[in-house]
Amino acid sequence: MISLNSVTLSVRGFRGWDYPQFGSTVPILDDGSSVDNEVVQSASVLRLRASIQGHTLSYSDVLTLRGYNATKELVSFEDDELGDTKSVVILDFRVDRSWPFLFDYTIELIDMSDQAGSGS
């Protein structure tokens, strides 16, 4: 079971916690005699990200999650199966109503645990 603050999520898929891409290759000038014509350039390490897909029958939960997304407030992420707890911000929340009271959602999360001083 995964929950965000008081909202218990019905999870269909979970992906994360992974770092987004923070490196790229940059071509360099070459004299034609070398095969090393690019270098890797990286930025500082970005925050861990995760994505959750699922559904809910509760419009109240949809409104609560929309509120967390709008305010970008820190919320508690708890994964009971793994015993994982993090302080997160909802980076993006998308919802589709597939039946009158069935809402399919995708939540993009960013781990803010080191700033909040709580576990990871």
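Brief remarks on what is shown
- For H55, net neighbour charge (Lys/Arg +1, Asp/Glu -1) across residues whose Cβ lies under 13 Å away: 0
- Note on mean projected area of the Cα convex hull in nm²: of the candidates (i) 7.4; (ii) 8.1; (iii) 10.4, the value calculated from this structure sits at (iii).
- Cβ-to-Cβ counts within 10 Å put M112, M1 in ascending order as M1, M112, the fewest first.
- Per-residue extension of 0.36 nm, minus the Cα-Cα distance of V11 and Y59, leaves a gain of 15.7 nm for this segment.
- Extension gain, T25-E38: 0.36 nm per intervening residue step, less the Cα-Cα distance, totals 4.1 nm.
- Whole-angstrom gap from region 67-94 to region 36-65, using each part's C-alpha centre: 11
- Helix 59-71 vs. the chain, principal-axis angle (Cα, 0 to 90°, nearest 10): 40
- Selection of chymotrypsin sites (Phe, Trp or Tyr not before Pro), region 2-74, meeting DSSP coil and at most 16 other Cβ within 10 Å: F22
The numbers here are math on the coordinates, done by the rules we state, and not lab data. None of these values were measured; they are calculated from a predicted model. Because the Cβ atoms are built from the backbone with ideal geometry, glycine has one as well, and the counts that use them run over all protein chains shown.
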